[in-house]
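The values are calculated or read from the model by the stated rules, or taken from the named source; none is laboratory data. Computed from a predicted structure; not experimentally measured. Here the Cβ is made from the backbone with ideal geometry for all residues, glycine too, and neighbour counts use every protein chain on show.
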Amino acid sequence: MRSGLTILLLILLTGHASAQTDSSAATTQDSAVTTIRSADTLIRYRINGAYLGSIWQDLKYTVARPAHWEKRDYIRLGVVGGVAGILLAGDYGVKQFFVHHQSNFMTSVTDQIEPFGNAYSPYLVAGMYVAGVITHDRKLEHGSLMAAKSLIISTVIYATIKSVIRRGRPTYYDSPFSFEPPLTNDKQHTSFPSGHSLTVMTVATAMAELYGKDHPWVPWVAYGIAGLTGATRLYENRHWSSDVWIGMALGHFVTKSIFRHQRELEHKKAMKLLAVSL
């Protein structure tokens, strides 16, 4: 996973007015509206100082989001926490189920899916960026940088949580309640949350945000792969089910927050253009 992030870090608007001439205020206002609706309101990143600075700005925005939560956000938190509690209570049973239902065929299948969580996803983002640059596809180039930024920020948050909550991996412990003090270096207590699940869900959410509106099949495929990747971590006895759930939830909502911030910045840009046009 670190190698994938290293690769990401290293690799790391026109409107037209009507031809008619009218001196009325209504026509002037309509022209301003036309300009606001143009591509000039979009923010498209390239690897430069502005992009690198946006990573820090988005990190601050995401961390501060709970202070601005609305009712629906607390409902989502309740759902995530409630499901996590149910899974926590059943973690041992889930582990036993997968341990007793392993086979050579299933192992061969999971071996093909599991790399989506630590290798394929970062390489996919890097490949998107290279393809966007070569083909001069600004949407693809920008989209890859948005995905990369989401992955970097979600990983920083995930790594911080993992360093504080030192939970024993099911590979080494039968009890899902084996914990060590924060900031210890015991690699056996690095279970919570699941990094593979966070990585693949982060990229899946970014793909859904970027292409889901125009291609409805993208979220189904992206989230489907993410779900299967999480299941491989249970099958391979590398994580508890609650680890996988929280990793996926964290990757999903952090990425949604980053794209929300993007839309807010574009809205502010549109308002500035409107103020200048009036």
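Summary of computed values
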quantity: Selected residue [within 11 Å of the chain's Cα centre (by Cα), closer than 19 Å to Phe98 by Cα and not β-branched (Val, Ile, Thr)] from Ser191, Ser257, Ser197, Ser242; calculated: Ser197
quantity: Within the stretch 131-179, tally of residues that are part of a loop (DSSP other than H, G, I, E, B) and charged (D, E, K, R); calculated: 3
quantity: Set Val79, Val94, Val83: member being out of contact with any Leu (no Cβ under 8 Å at 6 or more places or on another chain), surrounded by 13 or more Cβ atoms within 10 Å (Cβ to Cβ), over 30 Å from Tyr129 (Cα atoms) and modelled with pLDDT of 50 or more; calculated: Val83
quantity: Residues of the stretch 97-128 satisfying the condition of being surrounded by 13 or more Cβ atoms within 10 Å (Cβ to Cβ) and outside any helix (DSSP H, G or I); calculated: Gln102, Asn118, Ala119
quantity: Filter result for the condition that a residue is within 27 Å of Ala249 (Cα to Cα) and at pLDDT below 90, over Ala64, Ala119, Ala39; calculated: Ala119
quantity: The stretch 124-144, residues that are over 15 Å from the mean Cα position of the chain (by Cα) and of a type in the set (Ser, Thr, Tyr); calculated: Tyr129, Thr135
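Rundown of residues vs (1) within 22 Å of Tyr120 (Cα to Cα); (2) part of a loop (DSSP other than H, G, I, E, B); (3) modelled with pLDDT of 95 or more, yes/no style:
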position: Lys213; (1), (2), (3): no, yes, no
position: His252; (1), (2), (3): yes, no, yes
position: His261; (1), (2), (3): no, no, no
position: Glu266; (1), (2), (3): no, no, no
position: Lys269; (1), (2), (3): no, no, no
